[in-house]
Amino acid sequence: MKYNISIKLISKILLVFSTIFIIVAPLLNILRMNVLKGTIVLFGRYYFINEFYVLWLFLLFILFAFIFVSIVFGRVYCGFICPQTILSQIFEGLFDFIKKRTSALSKPVIYAAVLIFMAILSLFIGFNLIAYFIPPSLVIKHAFFEPDYLTPYLWVIAGFVTLLIIFDMALLRHKYCIYACPYGFIQFLFNDSRTLRILYRPADNNLCKDCTDCADSCFMKIDPRKKALQVQCVNCGYCIDACRERFDSKRETGKNLFYSFGLDEDKKNKSKNRPFFYKASIALFLLIGSFIIFLAKFSNYHYLNQSIFNMNQAFIVNNKMIANKYKLIVENASDKSKKLKIKLVNSELNLHFFSSDHFEIKPHNSLTLYPVLYIVNKKNSKNFKKGPYPVVFQIVNSKNAVVSAKNTIFFITKKFNNKK
Ligand code: SF4
Ligand code: SF4
């Protein structure tokens with residue numbers, strides 16, 4: 001029994017899945033930012049601004065994946081992943097249906113229905129895009145139920161995106177991919193003599209029926225018989241399916257179009273192959289390397305993040321005490337409130353806190369504290385050595401377990417010793 005895998009079906013399934021993924025990514029906390037608080041969420045984990053390098057590492061991995069895939073497989077992102085492709089196909093199909101299959105009487109009603117559907121879908125995409133930068137719950141709350149200062153910004157941005165998408169879907173669709181998409185052309189820049197392409201290879205010239213089914217099936221308006229590597233070709237394989245179906249419909253065996261990593265004559269040409277293998281190997285090495293580094297940083301994750309700064313070094317209180325003021329920023333990335341305590345580690349000085357060393361921090365929140373540390377210069381005590389002294393600010397939980405530790409410095413001035 002003969003099985004023919006429909007490349008078109010695979011492309012459509014992947015396009016639908018990738019579009020759904022892009023829609024749900026911010027809603028399921030897979031990837032989103034909160035520009036109001038300076039946080040990001042990556043695969044369910046919260047990161048604060050000083051840990052954003054984890055996001056950059058992830059984006060670096062995506063960049064190398066993009067370069068590697070473009071070198072080896074060409075513009076496949078456009079053919080198998082890009083939401084613009086599936087949206088263009090949906091509206092292209094709807095407009096074609098109206099043009100060819102509807103009566104003159106029903107045309108305006110169906111046009112109006114398609115335009116309303118387009119507007120609702122575009123508005124949804126507009127708000128979905130905002131959800132990548134502002135938590136989805138806040139977007140829904142302030143755009144629809146509880147107006148506040150955010151409401152006009154949300155509607156202006158969503159409205160602007162909606163108009164752009166309506167313009168794109170009503171007038172451009174695949175024309176945008178053919179003539180304007182910078183992302184598509186950047187992918188083409190990485191093409192090489194052995195990059196995947198569509199090859200027109202009829203067993204003998206009589207085999208081609210000249211039916212133009214291949215060219216007609218191409219939404220990028222290419223005739224794949226003319227040239228093997230064309231800048232607009234997204235390797236979607238629709239033309240391969242169309243040609244095979246043409247033969248199948250006539251109960252004949254044949255196919256004139258194939259996927260191929262390079263032209264047949266280039267495959268044996270070592271000098272043409274070498275640069276391709278170098279480029280692909282370097283891109284693969286960077287791709288794997290960036291993924292390992294990202295994974296290492298991602299797995300080394302802790303819910304509590306601490307930053308400590310000595311704000312004004314040393315100041316003297318009543319000639320007897322010397323104090324240092326600090327700025328302590330604590331960030332709780334977990335979804336539970338935490339009761340914590342600051343503990344000091346310093347072997348040389350007997351340091352004390354002016355204020356309470358206990359605090360509570362809410363989930364997904366940050367807290368800024370200004371602890372002041374002091375030391376007393378008692379009568380007859382020996383002069384302190386000239387500082388600075390290393391101090392460790394530990395944060396411990398209710399079980400006295402250390403959850404974070406950061407090094408800083410305690411300063412002593414010379415003046416303090418002289419005035420005892
Ligand atoms: S030539 Fe074939 S593979 Fe290339 S874009 Fe057109 S249909 Fe897709
Ligand atoms: S679909 Fe196949 S047979 Fe028809 S024109 Fe294209 S290559 Fe020739």
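The values are calculated or read from the model by the stated rules, or taken from the named source; none is laboratory data. Remember, it's a predicted structure, so these values are computed and weren't measured experimentally. A quick note on method: Cβ atoms are made from the backbone with ideal geometry, for glycine too, and the neighbour counts reach across all protein chains shown.
How many residues, within segment 316-348, are among the aromatic types (F, W, Y) and in a loop (DSSP other than H, G, I, E, B)? Don't jump to the end; show me each part of the working.
First, the residues of segment 316-348 that are among the aromatic types (F, W, Y): 326.
Those still in the list that are in a loop (DSSP other than H, G, I, E, B) too: none.
Count: 0.
If F258 satisfies all but one of (1) closer than 25 Å to C78 by Cβ; (2) among the aromatic types (F, W, Y); (3) more than 14 Å from ligand 1 (Cβ to nearest atom), what's the number of the condition it fails?
For F258, the exception is condition (3).
Got a sec? Which of I71, I67, I86, I90 is closer than 23 Å to K8 by Cα and in contact with a Phe, Trp or Tyr (Cβ under 9 Å, 6 or more places away or on another chain)?
The match here is I71.
A65 passes all but one of (1) farther than 19 Å from I30 by Cα; (2) more than 16 Å from ligand 1 (Cβ to nearest atom); (3) among the aliphatic types (A, V, I, L, M); which number fails?
A65 satisfies all of (1) farther than 19 Å from I30 by Cα; (2) more than 16 Å from ligand 1 (Cβ to nearest atom); (3) among the aliphatic types (A, V, I, L, M) except (1).
Only one of these conditions is not met by C243: (1) within 7 Å of ligand 1 (Cβ to nearest atom); (2) in a helix (DSSP H, G or I). Which number is it?
So the condition that C243 fails would be (1).
Give the residue that is farthest from ligand 2 (Cβ to nearest atom), with candidates limited to residues of segment 242-291 that are surrounded by 15 or more Cβ atoms within 10 Å (Cβ to Cβ) and among the small types (G, A, S).
Out of the qualifying residues, it is S290.
Would you check which residues across segment 170-225 are closer than 24 Å to F261 by Cα, away from ligand 2 (no atom under 16 Å from the Cβ) and in a loop (DSSP other than H, G, I, E, B) and list them?
F190, N191, D192, S193, R194, T195
Going through segment 395-409 one residue at a time, which ones are part of a strand (DSSP E or B) and over 15 Å from Q306 (Cα atoms)?
I409
In the set L367, L349, L344, L340, which member is among the aliphatic types (A, V, I, L, M) and either under 22 Å from L36 (Cβ atoms) or exposed (fewer than 11 other Cβ atoms within 10 Å of the Cβ) (or both)? Walk me through it before giving the result.
Values: L349 fails: either under 22 Å from L36 (Cβ atoms) or exposed (fewer than 11 other Cβ atoms within 10 Å of the Cβ) (or both); L344 fails: either under 22 Å from L36 (Cβ atoms) or exposed (fewer than 11 other Cβ atoms within 10 Å of the Cβ) (or both); L340 fails: either under 22 Å from L36 (Cβ atoms) or exposed (fewer than 11 other Cβ atoms within 10 Å of the Cβ) (or both).
One residue alone meets the criteria, L367.
Mind checking whether some residue in segment 224-233 is more than 16 Å from ligand 1 (Cβ to nearest atom) and out of contact with any strand residue (DSSP E or B) (no Cβ under 6 Å at 6 or more places or on another chain)?
Step one: filter segment 224-233 for residues more than 16 Å from ligand 1 (Cβ to nearest atom), giving none.
Looking for residues that are more than 16 Å from ligand 1 (Cβ to nearest atom) and out of contact with any strand residue (DSSP E or B) (no Cβ under 6 Å at 6 or more places or on another chain), one finds none in segment 224-233, hence no.
Scanning for something modelled with pLDDT under 95, in the same structural domain as I67 (by TED's automatic domain parsing), among the hydrophobic types (A, V, I, L, M, F, W, C) and assigned to a loop (DSSP other than H, G, I, E, B), does segment 77-87 turn up at least one residue?
Within segment 77-87, none of the residues are modelled with pLDDT under 95, in the same structural domain as I67 (by TED's automatic domain parsing), among the hydrophobic types (A, V, I, L, M, F, W, C) and assigned to a loop (DSSP other than H, G, I, E, B).
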